[in-house]
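Asks: Below is a structure I'd like to ask you about.
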Amino acid sequence: MSARLHLTRNNLSIPVREKIVALLNEQLAILLDLQSQCRQAHWNVRGRSFYSYHKLFENLADLVGEHVDPTAERATALGGSANGTVRMVAARSPLPEYPPKLDNDIEHVAAVMERFAEASTLARNAVDAATEAGDAGTADLLTAISRSIDQGLWFLEAHRPE
């Protein structure tokens with residue numbers, strides 16, 4: 001048994017479980033980072049449409065947050081550990097840092113939209129990797145994440161000024 005995995009009767013091979021746990025921890029970092037960046041926009045948005053954007057960013061944070069616990073628990077169910085502290089997430093997330101100062105609501109929408117687009121691509125790549133590894137359960141979980149992030153991206157794009 002690998003030192004990196006806990007004992008489990010899950011019949012996926014150890015190399016597959018190690019790969020999938022790493023994949024799930026990357027997705028966990030992305031989800032937690034994306035959720036916190038939505039909160040950052042929620043807290044700091046200003047402008048004529050403040051309230052609608054304030055609510056949009058809150059709803060997006062909640063939408064992303066629905067996938068955090070299942071992702072972490074899938075990693076532990078496969079014998080791994082979930083790495084979800086703020087420092088672990090900061091070290092692992094490939095998403096760009098949220099800009100510290102944005103002037104208006106449209107800039108916040110654009111910043112969050114950019115991060116949703118990146119997270120969407122990464123989620124689809126993760127689905128492919130889980131499928132290739134033969135883990136249909138994780139691929140299904142990641143597909144749900146991909147759908148939600150795509151929906152969030154759609155909500156953001158609907159607010160984009162033409």
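The values are calculated or read from the model by the stated rules, or taken from the named source; none is laboratory data. Source: prediction; values computed, not measured. We place every Cβ from the backbone using ideal geometry, glycine too, and count neighbours over all the protein chains shown.
Asks: Looking at the stretch 29-83, which of its residues are under 21 Å from Ala144 (Cα atoms) and of a type in the set (Ser, Thr, Tyr)?
Replies: Ser36, Thr71, Thr76
Asks: Here's something else I'd like to know. Is there a residue in the stretch 100-118 that is modelled with pLDDT of 95 or more, closer than 30 Å to Asp140 by Cβ and in contact with a Gly (Cβ under 8 Å, 6 or more places away or on another chain)?
Replies: Yes, because at least one residue in the stretch 100-118 is modelled with pLDDT of 95 or more, closer than 30 Å to Asp140 by Cβ and in contact with a Gly (Cβ under 8 Å, 6 or more places away or on another chain).
Asks: For the stretch 40-76, what are the residues that are more than 19 Å from the chain's Cα centre (by Cα), of a type outside the set (Ser, Thr, Tyr) and not in a loop (DSSP other than H, G, I, E, B)?
Replies: Trp43, Asn44, Phe50, His54, Lys55
Asks: Give me the pairs, please: first residue somewhere in the stretch 59-79 and closer than 12 Å to Asn25 by Cα and free of Cβ contacts under 8 Å to residues at least 40 places away in the same chain, second residue anywhere and among the hydroxyl-bearing types (Ser, Thr, Tyr) and surrounded by fewer than 21 Cβ atoms within 10 Å (Cβ to Cβ), beta-carbon distance under 8 Å, and either six or more positions apart or on two chains.
Replies: Pairs that qualify, where the first residue is closer than 12 Å to Asn25 by Cα and free of Cβ contacts under 8 Å to residues at least 40 places away in the same chain and the partner is among the hydroxyl-bearing types (Ser, Thr, Tyr) and surrounded by fewer than 21 Cβ atoms within 10 Å (Cβ to Cβ): there are none.
Asks: For the stretch 127-158, what are the residues that are hydroxyl-bearing (Ser, Thr, Tyr) and over 16 Å from the mean Cα position of the chain (by Cα)?
Replies: Of everything in the stretch 127-158, just one residue is hydroxyl-bearing (Ser, Thr, Tyr) and over 16 Å from the mean Cα position of the chain (by Cα), namely Thr131.
Asks: Any residue at all in the stretch 122-133 that is in contact (Cβ under 8 Å) with a residue 24 or more places away in the chain and of a type in the set (Ser, Thr, Tyr)?
Replies: No, the stretch 122-133 contains no residue that is in contact (Cβ under 8 Å) with a residue 24 or more places away in the chain and of a type in the set (Ser, Thr, Tyr).
Asks: Tell me which residues, restricted to the stretch 130-162, are more than 14 Å from Leu60 (Cβ to Cβ), crowded, with 18+ Cβ neighbours inside 10 Å and aliphatic (A, V, I, L, M).
Replies: Across the stretch 130-162, the qualifying residues are Ala130, Ala133, Ala139, Leu141, Leu142.
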